[in-house]
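The next block holds one structure in the form of structure tokens; read it before the comments.
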Amino acid sequence: MKTILITGGAGFIGSHVVRLFVNKYPDYSIINLDALTYAGNLENLRDIETQNNYQFIKGDITDIDFINNLFTKYNIDGVVHLAAESHVDRSIEDPMAFINTNVLGTVNLLNAAKESWKNFEGKRFYHISTDEVYGSLGDEGMFLETTAYDPKSPYSAAKASSDHFVRAYHNTYKLPVVITNCSNNYGPNQFPEKLIPLVINNIKNKKPLPVYGKGENIRDWLYVEDHAKAIDLVFHQGTIGETYNIGGKNEWKNIDLVRALCRVMDENLQRPNGESEKLITFVKDRAGHDLRYAIDCSKIVSELGWQPELDFENGIRKTVDWYLENEDWLEHIVSGEYENYYKQQYNNR
Ligand code: NAD
Ligand code: DAU
């Protein structure tokens, strides 16, 4: 029996990873450790919460004693570390929260693993990171694993710092680590502060669709379950000390993506074609907005045989269907804290 600690398992990507591991590995004991910040939601895991290879523990990775006690109490074999502050706009308002969780929290976990693992045989610390650490591209080029780090936002600077600590612990203490850097995820359970669910929710409620600047920024989009499958693969077969880039081979200009969502939503809600596009509103740009991200994921493709499976057309349709079928999930989120956040970000923008 292996005990795997998944941090941030109540969040968007984490909940898909927890579900995959719990269902696929009945002989593992899966511990989901999550502080349940605004982004953590146990409703994401209702379908698996009673399985006997799963347990949820509420806790904060910035709490050193708590993390050390956890590693003492449970004989943890592997860590899949997803807990983080994840939203760029929030990092612009409050960088310190990102330094605390993304940097200090990660170092707490590294220390706990280093101290409690008497020898590193069979152990693995897997750190989940982002393509944003590489900075911003112009019209040409793609991020490779060897691309120099050049983070531009407080979020990506904190993630870059955590990546450096993970590598430093491998280099200095031989901690058995792997890192992946992935592009933009989309799919069910994503908090509606992020572009795709925000646009779906606003179209549903006939609210303006805020497009930053001229909508010319480009992102590469990957369906969240394809990311979870890549994480499973790297956790089990990735080479210790290595980094793998993960991407969808699927670049979209924001404005084109928002228009595509408008078309799918009009169809689904049986509204006249073109109705939702009228809601598009160009607003003040994000400070320091990275122009383009593009991932070269040929290493994980050739070395581990991973491929993104779901094409974007079907991924977007599945995502839209999920949000329209799970109104309760959305309703529970878009009240309270979210309303305050929304007003602060978008009123007077
Ligand atoms: P999310 O914001 O949806 O979820 C983060 C989770 O971490 C939440 O459940 C939250 O409660 C938990 N958390 C936050 N602070 C914590 C703390 N101090 N202690 C314990 N738990 C805490 O994020 P996500 O989009 O699912 O991203 C997960 C990871 O993947 C992050 O590390 C992020 O940087 C990385 N990533 C995300 C994307 C993306 O497109 N969303 C792409 C590449 C990499
Ligand atoms: O690239 C991976 C990263 O993708 C992850 O590491 C982050 O955790 C994740 O949040 C995401 O970051 P982005 O900043 O790219 O995602 P976001 O959904 O916030 O924005 C996507 C693009 O859409 C970006 O160019 C900004 C733009 N945007 C976003 C919002 C919320 C808008 O035009 N309007 C909006 O209201």
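Throughout, read-outs are computed from the coordinates displayed, never taken from laboratory work. Worth saying up front: this structure is predicted, and the values here are computed from it rather than measured. Glycine also receives a Cβ, built like all others from the backbone with ideal geometry; neighbour counts cover every protein chain displayed.
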task: First measure r as the distance between the Cβ atoms of residue 339 and residue 309, then evaluate 1/(1 + (r/R0)^6) with R0 = 30 Å and state the FRET efficiency to the nearest 0.05.
output: 0.25
- request: Enumerate the residues in region 49-65 having an amide nitrogen under 15 Å from the point lying 7 Å beyond the Cα of residue 100 toward its Cβ.
  value: 59-65
message: How large is the direction-averaged shadow of the alpha-carbon convex hull of region 179-332, in nm²?
response: 9.9
query: Does anyone have the angle between helix 64-73 and the longest principal axis of the chain? Alpha-carbon axes, 0 to 90°, nearest 10?
result: 60
statement: So for R0 = 51 Å, FRET eff. of residue 77-residue 285 from the Cβ-Cβ r, to 0.05, ends up at 0.65
- request: Starting from the amide H of residue 246, placed 1.01 Å from N in the peptide plane, find each other amide H under 5 Å away whose residue is 5 or more places distant or on another chain.
  value: 181, 182, 183
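Pairs 73/123; 206/343; 194/229: which exceed 18 Å Cα-Cα?
The answer is 194/229.
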field: Sorted largest first, extent of region 47-100 alpha carbons per principal axis (Å)
entry: 40, 30, 17
statement: Rounded to the nearest 10, the angle in degrees between the Cα long axis of helix 195-204 and the longest principal axis of the Cα atoms of the chain comes to 40
query: Using alpha carbon coordinates only, what is the Rg to Rh ratio of the chain, with Rh defined as the Kirkwood radius?
result: 0.95
task: Please turn the phi angles of region 12-22 into ³J(HN,Hα) values with the Karplus equation 6.51 cos²θ - 1.76 cosθ + 1.60 (θ = phi - 60°), one per residue in order, whole Hz, x for glycine and proline.
output: 4, 5, x, 5, 6, 5, 4, 4, 4, 5, 4
- line: Taking R0 as 35 Å and r as the Cβ-Cβ distance between residue 277 and residue 66, the FRET efficiency 1/(1 + (r/R0)^6), rounded to the nearest 0.05, comes to 0.10
query: So for region 32-144, Kirkwood radius off the Cα pairs, Stokes-Einstein at 37 °C and 0.692 mPa s: how many µm² s⁻¹?
result: 203
- prompt: Across region 144-221, how large is the tail of the calculated P(r) beyond 21 Å, expressed as a percent of all Cα pairs?
  reply: 48
- line: Kirkwood-based Rg/Rh on the Cα set of region 1-59 evaluates to 0.93
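Per residue, how big is the convex hull of region 115-156 when only Cα atoms are used? Give it in Å³.
Looking at region 115-156, the number lands at 121 Å³ per residue.
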